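See structure below.
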Amino acid sequence: MSFLGRLFGAKVPPRPPNSVLIADDVASPLTADGTMLEVAVDAALRAYLEAQAKAAAAGEPERVPFWLQRERGGEAGIEDELRDRVIQRRAAEDEKP
């Protein structure tokens with residue numbers, strides 16, 4: 001849009017239906033190796049969708065990181081296990097001279 005158009009309040013033409021605006025901080029790592037932005041975005045989106053499909057097939061749609069995953073069943077036993085660990089540590093500290 002021209003300067004005069006903006007000055008006199010002309011309407012901005014709508015974007016084509018399949019266009020998106022990508023921030024520079026997202027686009028620069030995608031194109032750092034010289035790949036065209038269109039190809040890099042397509043590859044990144046396909047990889048994301050494939051990872052989501054694999055997660056859904058594995059029964060983990062939220063993709064909880066491995067260090068936060070809970071054991072299936074026996075979740076009530078976690079509190080007992082933590083309590084036992086605390087008791088063991090305190091006993092070990094008491095034994096130290």
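Taking the range 47-60 as the range and being in a loop (DSSP other than H, G, I, E, B) and either touching a residue at least 12 places away in the same chain (Cβ under 8 Å) or surrounded by 10 or more Cβ atoms within 10 Å (Cβ to Cβ) (or both) as the test, only Glu60 passes.
Of all residues in the range 47-62, exactly one satisfies the criterion of being of a type in the set (Asp, Glu) and at pLDDT 80 or above, namely Glu50. Ala44 passes every criterion in (1) modelled with pLDDT under 80; (2) surrounded by 10 or more Cβ atoms within 10 Å (Cβ to Cβ) apart from (1).
Among the residues of the range 1-34, those identified as more than 23 Å from the chain's Cα centre (by Cα) and either part of a helix (DSSP H, G or I) or surrounded by 10 or more Cβ atoms within 10 Å (Cβ to Cβ) (or both) are Phe3, Leu4, Gly5, Arg6, Leu7, Ala10.
The values are calculated or read from the model by the stated rules, or taken from the named source; none is laboratory data. Note that the coordinates shown come from a computational prediction; the quantities given were computed from them, not determined experimentally. Backbone-built Cβ (ideal geometry, glycine too); neighbour counts: all protein chains shown.
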